[in-house]
Amino acid sequence: MTNVGVSTTLRRISSIQAGRNRTAPSSLENALVALALAPTRQNIRTTLLLLEEKEETRVFRAGALHVLKDAINLSISSPDKSIRESASVIREQRRYQGEGRVSHRSIGSTLLLKGLECDHSVILDAGNMGATDLYVALSRGAKSVTIFSGRDEFTP
């Protein structure tokens, strides 16, 4: 996340904790004070949700934040698991289910499919591909690979 305003927020939280604040604390500030006083999983979740809703805040990796929130939720519902153990469980679930960044039918580059597998791969204009891209494209299809090319031979 960026644009959280860390230094300003820390000064404001110190002011609220010392009772020197002139304006009433926002819900985010209340959550941050509660987190400082009691760093529980529920308080972490509440603070993350409120930080995400803050207008100025920008989330760089929404997927990573979503995994973190899911891990915290799992650790709340299963108190015997640490947040780290919960994150491992969520990571394994995501690996099995897929990230959702590629739909069931999609057209994309080899970079989009790198590290993933698909049932069928269709390679267009293979004659103009580099050796690395062609290798990635050829190795993605688990059931079939269809190649279209203007040339009969490929020489990298």
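Annotation note: of T110, T155, T57, the sole residue that is hydroxyl-bearing (S, T, Y), surrounded by 14 or more Cβ atoms within 10 Å (Cβ to Cβ), on the phi < 0 side of the Ramachandran plot and at pLDDT below 85 is T110.
Run down T23, T46, T8 and say which single residue is in a helix (DSSP H, G or I), more than 16 Å from the chain's Cα centre (by Cα) and exposed (fewer than 14 other Cβ atoms within 10 Å of the Cβ). I'd like the intermediate steps shown before the answer.
Values: T23 fails: in a helix (DSSP H, G or I); T46 fails: exposed (fewer than 14 other Cβ atoms within 10 Å of the Cβ).
Checking each option against the conditions leaves just T8.
On the stretch given as segment 11-20, residues that are surrounded by 13 or more Cβ atoms within 10 Å (Cβ to Cβ) and either outside any helix (DSSP H, G or I) or not assigned by TED's automatic domain parsing to the domain that holds R45 (or both) total 0.
Filtering segment 56-71 down to residues that are part of a loop (DSSP other than H, G, I, E, B) and over 19 Å from I13 (Cβ atoms), which residue is nearest to the chain's Cα centre (by Cα)? That would be R61. Residues satisfying the criterion are absent from segment 80-89 (criterion: under 30 Å from I123 (Cα atoms) and either outside the structural domain of G141 (by TED's automatic domain parsing) or without any contact (Cβ under 8 Å) to a residue 24 or more places away in the chain (or both)).
Taken over segment 118-136, the criterion of being within 23 Å of R94 (Cα to Cα) and either out of contact with any Lys or Arg (no Cβ under 9 Å at 6 or more places or on another chain) or surrounded by fewer than 12 Cβ atoms within 10 Å (Cβ to Cβ) (or both) is satisfied by D119 alone.
The set of residues in segment 26-43 that are more than 23 Å from S82 (Cβ to Cβ) and in a loop (DSSP other than H, G, I, E, B) contains only S26.
Each residue in segment 26-43 was checked for being without any contact (Cβ under 8 Å) to a residue 12 or more places away in the chain and under 26 Å from the mean Cα position of the chain (by Cα), and 2 of them qualify.
Restricted to segment 64-84, and to residues that are among the β-branched types (V, I, T) and buried (at least 16 other Cβ atoms within 10 Å of the Cβ), which residue is modelled with the lowest pLDDT? Break it down stepwise before answering.
Within segment 64-84, the subset among the β-branched types (V, I, T) is 67, 72, 76, 83.
Then keep just the ones that are buried (at least 16 other Cβ atoms within 10 Å of the Cβ); that gives 67, 72, 76.
Working: V67: 90, I72: 97, I76: 97.
That would be V67.
The values are calculated or read from the model by the stated rules, or taken from the named source; none is laboratory data. Fair warning: this is a prediction, and the values are worked out from it, not measured in the lab. Glycine also receives a Cβ, built like all others from the backbone with ideal geometry; neighbour counts cover every protein chain displayed.
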